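Here the structure is laid out as structure tokens; the discussion comes afterwards.
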Amino acid sequence: MNYTTFGKEAKKIMIDKGMTMTQLASQLGISRPYLTEIFSGTRKAKRQKARIVTILGMEALVIKSAS
């Protein structure tokens with residue numbers, strides 16, 4: 001699977017936390033395929049990305065990559 005930089009970083013954190021795509025999708029209230037589309041960049045999903053950042057605690061990474 002080809003993920004965007006955002007998707008790769010999110011996946012790394014998920015692995016560290018022992019979280020599956022299905023679990024994250026469930027927390028977000030979306031389907032697993034939709035989450036995969038967000039990670040691969042075929043869906044923009046700005047609101048969902050913001051929620052992923054919060055759930056996974058990626059704030060520091062997002063701030064770092066923006067500067």
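Just so it is clear, none of the values below were taken in a lab; they were calculated from the coordinates. In this text the structure is predicted, and so the values were computed from the model without any measurement.
Contact order, relative form, for the chain: 35 percent (alpha carbon pairs under 8 Å, 6 or more residues apart, mean separation divided by residue count). When the Debye formula is applied to the Cα atoms of the stretch 5-66, each taken as the same point scatterer, what base-10 log of I(q)/I(0) results at q = 0.14 Å⁻¹? So the normalised log intensities work out to -0.33.
Tell me, in nm to one decimal, what length is gained between LYS12 and THR54 on full extension, where the rule is 0.36 nm per residue of separation less the Cα-Cα distance?
Fully extending the segment from LYS12 to THR54 adds 13.6 nm.
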